[in-house]
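Take a look at the structure below.
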Amino acid sequence: MEDPLSPRTVIAKITTKPGHRDDAVQAFAPLLAAASAESGTLTYRIYLDRKNDDIIWFFEEYADKVGFDAHMNSETMRQVGAAAAPFLVAPPEFAFVQPALPTP
């Protein structure tokens, strides 16, 4: 069973409608400021895929499940989700990952 107090690392893949990646990035922009103010959010970055112009990647690290849940259920997330939805092909794909080896 997973420890709910263990750190969480999430990689999210966002696929946008052709030609709307920049629109989606602008819609997601408020999440950066909001995440930096969340006590349970350790890292929150948005990346552009270098090979596919319709893909956005999120790299997120949370102190624990409580921090992740607080972020996902925030008012900013609700507002941004609604603003970005017209530019997306499908809902985000989430991968919950953990280190394969300890950090030296």
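Coordinate-derived values only; no laboratory data. Everything numeric here is computed off the predicted structure, so don't read it as measured data. Ideal geometry is used to build each Cβ from the backbone, glycine not excepted, and the neighbour counts take in all protein chains shown.
Count the net charge of all other residues whose Cβ sits under 12 Å from the Cβ of G40, scoring Lys and Arg as +1 and Asp and Glu as -1.
Numbers: positive: R8, K65; negative: E38, E60, E61, D64, D69.
Cβ neighbours under 12 Å give a net charge of -3.
Using the Cα centre as the reference, give the magnitude of the dipole from point charges on the C-beta atoms of the chain (Lys, Arg: +1; Asp, Glu: -1; all else neutral), rounded to the nearest 20 debye. Before the final figure, lay out each step's value.
Working: 9 positive and 14 negative charges, 49 e Å.
Around 240 debye, computed over the chain.
Once every DSSP H run of n ≥ 4 in the chain is given -39500 (n - 2.57) and the sum is divided by its residues, what mean residue ellipticity at 222 nm do you get, rounded to the nearest 500 deg cm²/dmol?
On the way: 4 runs with 34 residues, N = 104.
Result for the chain, helices only: -9000 deg cm²/dmol.
Taking 7 Å along the Cα-to-C-beta vector as the label spot, tell me the A37-W57 distance in nanometres, rounded to one decimal.
It works out to 2.9 nm between the two label points.
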